[in-house]
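Right, one structure below, let's go through it.
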2 protein chains.
Amino acid sequence: MNIEEQLDFLSARAVDFFSRDDLKKKLEKAQSEGRGLRIKYGADPSAPDIHLGHVVGLNKLREFQDAGHTVVFIIGDFTGMIGDPSGKSQTRKPLTKEQVTVNAKSYQEQIFKILDKDKTEIRFNSEWCGKMDFSDVIRLSAHVTVAQMLARDDFSKRYAANQPISMVEFLYPLVQAYDSVMVEADLELGGTDQLFNLLLGRELQKVMGQPPQCVMTLPLIEGLDGVQKMSKSLNNYVGIDEAPRDMYGKLMSVPDALMWKYFSYVAQVPSSKVEEWKSAVESGATHPREMKDILGKRVVARFHGAEAAEDASAEFIRIFRNKDLPDEIPEVVLSAEETGLLSLMVQAGLAKSNGEARRLIKQGAVKINDEKVSDDRAQIVPEDGMIIRSGKRGFAKVKIG
Amino acid sequence: MNIEEQLDFLSARAVDFFSRDDLKKKLEKAQSEGRGLRIKYGADPSAPDIHLGHVVGLNKLREFQDAGHTVVFIIGDFTGMIGDPSGKSQTRKPLTKEQVTVNAKSYQEQIFKILDKDKTEIRFNSEWCGKMDFSDVIRLSAHVTVAQMLARDDFSKRYAANQPISMVEFLYPLVQAYDSVMVEADLELGGTDQLFNLLLGRELQKVMGQPPQCVMTLPLIEGLDGVQKMSKSLNNYVGIDEAPRDMYGKLMSVPDALMWKYFSYVAQVPSSKVEEWKSAVESGATHPREMKDILGKRVVARFHGAEAAEDASAEFIRIFRNKDLPDEIPEVVLSAEETGLLSLMVQAGLAKSNGEARRLIKQGAVKINDEKVSDDRAQIVPEDGMIIRSGKRGFAKVKIG
């Protein structure tokens, strides 16, 4: 690839990109010096289950590697070990050194399913942040202004709405920006929610006498619910370590409209092809289920091989499709709390009363996930995707919410 | 003194005081435990020349000591050794460890002219701040919000006016507040410009599980120019280490209207007496010069003894008053740059032209600070208070501005 081709390839599907010109100059310089660029990517050390949301970024990093560049994968253990000292976030509990080590190992096992190990540098930001004392922090802080920090979209909104912003939240982006200085990043990649932090890294490098990094963002893909960003804590994710059957099954539950994003960003199908398929579905020429089967098989094949993908697809069809499940099953939103089977039937709209529910159970008409339930006093814990069936025509699919 | 009397005595002349009730409770508790309170006062380590502006606070501290309490005198060497890393302030150059040590020694020599050494604890905040690492700073920052910091008067104004506020400026008040936690201050005293920082100390102690300190402020007294806050950098100060003659002479140049503030806050004359004297001057019964002589002698006596005070007064009268100097000498505002004597005479309004000025000089009519000048090509550096005289009736007093 010549440099223009490389620029097209590397910037494909990016949401923000600062800037093609900058990157072009960096590529020319690196080429003339016979070296690759340093592509920074920061990872939260608390969640070692890499899911398809991460794959969006990892795919792009791999593209950079395929073009000859080095990925500097930074595990943010320094802030991870502090957590959220204001205690406001449940999801940011401080991690111990041991947990970080375990998580980092797990990270490496997972990311190298996508990244090229030989072109990856794994770094922990405690390496430099852990050596900084108060006076270093003061000197670092001198490079940014309060107005600069408050310009961040979520900060300015919260400040305007009189919602408290802890001073810590001003320090965390600074840590991330300083990471760019320490690893001498040429480009930093992140989700669109990271744009401010990435640009701050660029600014900090500038004031600290380094060539400023290029900045590229990719979209945050929605999870299986089709609404919220894919995340472990929302349990709407597909982990890359999940068994083929689970991975395939979860992908089958992706809302039709979202499938195209997964094709582009997860399965890396070229946009021309995605458009073609989309038209076919919209015209009715192709059933969405067929497309979703292709998506499921492609993703499973990537992480478990083609055979496992075919098996997962076949098993899914055997269990669900051939067992008279209708294409569209009415959803019932329930909380994940244990509840009596009778009440569950009534809530799911499969019985008008506990009495009717009891009769149906006694008749042997009720199945949960294809298993008959005959105890009318059974206690059930609803799960996402659980299928409750009553006779040949009564179906309900549980959605936890 | 019973507690109510002590409260009256200690809060006399305070501008802000949070709060009498709080302090009362602390005094009662301390009394029942047979101990004194810890009164915190923070000092900038860069300016070891203690002047009457500092005396305002030191006097109050001494009053606390006289009531049995301990002064914790904190030398802010930690931030002093960092200076202003944004490089925007010329007056905040970083100090070396050696400079801090020299300055601290000089501080101690000076403050014990007012404070009781046995009831003073000198502390350097590098003792605790120097041990803090980045993660400690993050944990500390978690206790304050951005809105809290931006509530500081000068910050909110600058933010509204789009003037940059460095992040460092958010960290410095936090250092000062943390000092209160570390020394377990019961009360912090400062100038009115310190109110925000003192209250932040109070808040920080609260969230860090300590009883919050009381806060008391005293006014910032104007310097000899009568306009700007007394400060070394503005050269409008009277240092407590100055020679009796200089000290007395400078006090004679205090604007009449300001003299009463000096009587109250520097000479600690009870307010009833100050009011009485003020009325006497306003009614014309007493000449302001007489009052200023009393002020000058009181202040000199305090730092150099009664005899030195009388001598300084007598010498001043001998030099200035008995040498036909009129009571009111017209002021001429000049810059402190070297200038020719002829031009000086013209600028001072003592000659209409260089020619006239030259004639007056040749006639031996011209004196500067009571010394005859006969060289019409002399180069003069104007100084504040310099008296230029031409013959018996021509006078001008230089004011640098």
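The values are calculated or read from the model by the stated rules, or taken from the named source; none is laboratory data. Quick caveat: nothing in here was measured; it's all calculated off a predicted structure. Using ideal geometry, Cβ is built from the backbone for each residue, glycine included, and neighbour counts are taken over all protein chains shown. Note: areas computed on protein heavy atoms with side chains; ligands, DNA, RNA excluded. Shrake-Rupley method; radii C 1.70, N 1.55, O 1.52, S 1.80 Å.
Tell me, yes or no, whether segment A:17-33 has at least one residue that is among the aliphatic types (A, V, I, L, M), open to solvent by 20 Å² or more (accessible area, probe 1.4 Å) and more than 20 Å from A:Leu171 (Cα to Cα). Scanning segment A:17-33, I find no residue that is among the aliphatic types (A, V, I, L, M), open to solvent by 20 Å² or more (accessible area, probe 1.4 Å) and more than 20 Å from A:Leu171 (Cα to Cα), so the answer is no. When segment B:327-341 is examined, which residues are found to be under 17 Å from B:Val254 (Cα atoms) and either surrounded by 10 or more Cβ atoms within 10 Å (Cβ to Cβ) or modelled with pLDDT of 85 or more (or both)? B:Ile329, B:Pro330, B:Glu331, B:Val332, B:Val333 - these are the residues of segment B:327-341 that are under 17 Å from B:Val254 (Cα atoms) and either surrounded by 10 or more Cβ atoms within 10 Å (Cβ to Cβ) or modelled with pLDDT of 85 or more (or both). Pairs linking a residue in segment B:344-362 that is free of Cβ contacts under 8 Å to residues at least 60 places away in the same chain and among the basic types (Lys, Arg) to a residue that is surrounded by 14 or more Cβ atoms within 10 Å (Cβ to Cβ) and assigned to a helix (DSSP H, G or I), with Cβ atoms under 8 Å and 6 or more positions apart or on different chains, are B:Lys352/B:Val346; B:Arg358/B:Leu342. Within segment A:152-170, the set of residues being open to solvent by less than 60 Å² (accessible area, probe 1.4 Å) and facing another protein chain (nearest Cβ under 7 Å) comprises A:Ile165, A:Ser166, A:Met167, A:Val168, A:Phe170.
Pairs linking a residue in segment B:150-170 that is in a helix (DSSP H, G or I) to a residue that is open to solvent by 50 Å² or more (accessible area, probe 1.4 Å) and among the hydroxyl-bearing types (Ser, Thr, Tyr), with Cβ atoms under 6 Å and 6 or more positions apart or on different chains, are B:Leu150/B:Tyr159. Scan segment B:76-86 for residues that are closer than 16 Å to B:Arg123 by Cβ and either small (Gly, Ala, Ser) or crowded, with 22+ Cβ neighbours inside 10 Å (or both) and the total you get is 5. Within segment B:239-252, the set of residues being touching a His at 6+ places or on another chain (Cβ under 6 Å) and closer than 23 Å to B:Gly401 by Cβ comprises B:Gly239 only. Mind checking which residues of segment B:250-291 are in contact (Cβ under 8 Å) with a residue 60 or more places away in the chain and either on the phi > 0 side of the Ramachandran plot or hydrophobic (A, V, I, L, M, F, W, C) (or both)? Within segment B:250-291, B:Met252, B:Val266, B:Gln268 meet the criteria.
How about segment A:104-151: which of its residues are at the interface with chain B (Cβ under 10 Å from one of its Cβ atoms) and among the polar types (S, T, N, Q)? Walk me through it before giving the result.
First pass over segment A:104-151, keeping only residues at the interface with chain B (Cβ under 10 Å from one of its Cβ atoms): A:126, A:128-150.
Selection gives A:Ser126, A:Ser135, A:Ser141, A:Thr145, A:Gln148.
Which residues, counting only those in segment B:176-208, are among the small types (Gly, Ala, Ser) and either without any contact (Cβ under 8 Å) to a residue 40 or more places away in the chain or in contact with a helix residue (DSSP H, G or I) (Cβ under 6 Å, 6 or more places away or on another chain) (or both)?
Within segment B:176-208, B:Ala177, B:Ser180, B:Gly190, B:Gly201 qualify.
Return a yes/no flag: does segment A:35-58 have any residue that is open to solvent by 70 Å² or more (accessible area, probe 1.4 Å), farther than 30 Å from A:Met247 by Cβ and either modelled with pLDDT of 95 or more or not hydrophobic (A, V, I, L, M, F, W, C) (or both).
As a first pass, look at segment A:35-58 and keep what is open to solvent by 70 Å² or more (accessible area, probe 1.4 Å): A:35, A:44.
Among the residues that remain, those that are also farther than 30 Å from A:Met247 by Cβ are: A:35.
Now restrict to residues that are either modelled with pLDDT of 95 or more or not hydrophobic (A, V, I, L, M, F, W, C) (or both): A:35.
Yes, segment A:35-58 contains at least one residue that is open to solvent by 70 Å² or more (accessible area, probe 1.4 Å), farther than 30 Å from A:Met247 by Cβ and either modelled with pLDDT of 95 or more or not hydrophobic (A, V, I, L, M, F, W, C) (or both).
Of the residues making up segment A:244-272, those that are of a type in the set (Gly, Ala, Ser) and within 17 Å of A:Arg302 (Cβ to Cβ) are A:Gly249, A:Ser264, A:Ala267.
In segment B:108-134, the residues that are of a type in the set (A, V, I, L, M) and surrounded by fewer than 16 Cβ atoms within 10 Å (Cβ to Cβ) never reach a residue that is in a loop (DSSP other than H, G, I, E, B) and modelled with pLDDT under 95 with C-beta atoms less than 9 angstrom apart, at least six apart or across chains.
The single condition among (1) touching a Ser or Thr at 6+ places or on another chain (Cβ under 7 Å); (2) within 14 Å of chain A (Cβ to nearest Cβ) that B:Asp16 does not meet is (2).
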